[in-house]
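The values are calculated or read from the model by the stated rules, or taken from the named source; none is laboratory data. Small disclaimer: the values here were computed from a predicted structure and weren't measured. Reconstructed Cβ throughout: ideal geometry from the backbone, glycine too, with neighbour counts over all protein chains shown.
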Amino acid sequence: MDEEKLTELLQRLDSQEKEREQFIKKVAVLDAKIVQTKLDYATTYNQRSPIMQIPIELMSSIFQAAIESDEKGEGTGMLFKLSHVCHLWRSITISLPDFWTSFACTGRPSNHDLDRLSTHLERSCDRLLNLHFEIDAGKDDHPWENILRTAIGQAPRWRSFVLRFDPDPRYWRNFLSNIFTDPISVPNLEVVEILIGTGTSKRIPFDLPDRLYFQGGAPKLAHASFDSWSLMACKPLSNVTTLQITQQSATQYSFSAFLDILMLPRLINLSVLGDPFRPPIVGVQPVVAPELRNFRFAGSFTLSFRLFKYLEAPKLELLIIVRTIMDDSSAFPSNTDPIPFPYLRSLALIDCPTNSYCASRLAHLTENVTNLYISNDSTVCTSEDLFTVMVEGVKTSPGTILWPQLEALYCNVDDAMQGFDPSEDFQYFLKVVTSRWESLKKHCTLYLSDEDAEAWRTLGPVTWNQLVDGEFFARIGISPGELDFVPWPPRTTQKFDKKWERKFLTSRASKKLE
């Protein structure tokens with residue numbers, strides 16, 4: 001009897017377990033249906049949203065604008081964010097090749113970065129590419145080699161190529177030579193930037209380049225930014241219109257190489273940071289820069305002593321000199337007929353020590369200037385700045401007018417106002433501009449920073465009122481995001497990262513010029 005009862009219970013238990021399993025399966029199926037119903041409901045509900053009613057063509061344009069306005073300018077991060085919002089947005093981003101033409105990789109690499117690059121190359125089809133690499137690595141450079149070799153394999157598709165890296169010299173001395181194993185052709189390249197050691201203040205002793213990487217030709221290359229190592233490895237530069245050169249490594253080239261750059265037939269904008277060129281020895285002849293319109297350099301001993309002797313620039317409109325000593329008379333030629341920069345209208349001296357003689361020679365060489373910019377940080381420039389020299393000149397030689405065509409004098413002279421006698425010297429501040437009207441009937445407006453204007457208003461109220469009443473004063477208005485108060489036309493269409501601009505303007509800022 002007991003055996004029969006046990007058998008019956010086991011059969012009942014087995015039946016109930018099977019029933020439970022079937023029920024669990026039904027619940028799982030029902031759960032899946034519930035999930036799908038929720039998705040269908042969400043999709044249907046979202047379709048009622050006004051943003052989902054926007055035509056795909058317009059949505060694509062909005063996405064394109066968002067990608068282009070990405071903080072770093074490469075758009076990679078924004079692209080992946082957009083592709084993970086919803087199914088519709090993902091389908092839009094994946095289906096349009098133009099969205100995948102920009103690729104950025106920064107920091108330390110991984111195989112995931114190589115996979116991302118492969119995805120971009122595949123989805124961008126045959127479109128031109130914008131590639132941006134910032135390498136922060138040491139001994140383990142193999143992931144970067146794989147990534148860069150993959151990118152170099154697509155060189156004919158490059159529109160822009162940016163490579164910045166902070167190498168360990170013990171392992172990376174021949175890094176680029178290992179990557180660029182053969183000369184490449186870049187027929188569509190418009191923008192290139194190659195900088196070595198971007199995060200270090202040390203000058204790295206890299207070997208000289210042993211080949212021309214772009215030997216296959218770069219006919220469309222218009223915007224180029226190089227350190228002194230990569231400069232000579234990326235020729236030819238015959239079509240470049242905007243060129244930036246940084247002395248990031250210890251490599252220096254001959255002054256003749258610099259003169260060759262000045263003679264580039266289409267070069268319009270030139271920036272030089274540091275001293276990438278050696279001083280000339282003998283036998284160097286002056287050259288003509290046929291198209292150069294905007295030229296600036298910072299912290300360059302070589303250029304400050306040779307610029308006015310070896311360069312004629314008939315179309316030069318703007319010259320900016322930053323943190324460079326300008327107090328040696330030998331830097332200026334004795335015979336300056338004709339003047340080397342006849343069309344120069346804007347001149348800026350930023351933290352440049354000078355003296356009365358050199359200021360006079362400089363004024364003669366740039367006599368057609370109408371806009372003069374003077375900025376002095378007393379923590380950097382411990383000698384006389386140009387504004388001080390001009391004030392002293394009014395005192396000692398009131399009949400001498402520097403820059404007779406001057407219409408606007410922009411001064412940002414830090415605490416220089418504090419070093420003058422309020423009872424006497426502020427009248428000479430005033431005469432720097434009023435004497436031009438008295439002698440030449442030429443009105444000149446003095447532009448001051450808020451700090452300098454307040455110092456004058458406080459220390460010399462009488463002359464300040466005369467300045468304002470005579471309409472000789474205007475405020476320096478620096479717009480939000482402006483890097484400095486000196487205009488630099490290429491900045492409005494800047495093809496390079498803004499970090500370089502900040503670096504240029506703050507070069508040698510921690511060192512005093514004695």
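Things to note:
Table: residues versus (1) surrounded by 10 or more Cβ atoms within 10 Å (Cβ to Cβ); (2) over 47 Å from the mean Cα position of the chain (by Cα).
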residue	(1), (2)
Q11	yes, yes
R20	yes, yes
V27	yes, yes
T43	yes, no
R48	no, no
M52	yes, no
F63	yes, no
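- Hits in the range 100-126 - residues which are exposed (fewer than 15 other Cβ atoms within 10 Å of the Cβ) and either modelled with pLDDT of 85 or more or of a type in the set (S, T, N, Q) (or both): S110, N111, D115, S118, T119, E122, C125, D126
- Single residue of the range 278-299 satisfying the filter (in contact (Cβ under 8 Å) with a residue 40 or more places away in the chain and farther than 19 Å from I339 by Cα) that is nearest to the chain's Cα centre (by Cα): A298
- Residue check for L349: part of a loop (DSSP other than H, G, I, E, B) and surrounded by 21 or more Cβ atoms within 10 Å (Cβ to Cβ): no
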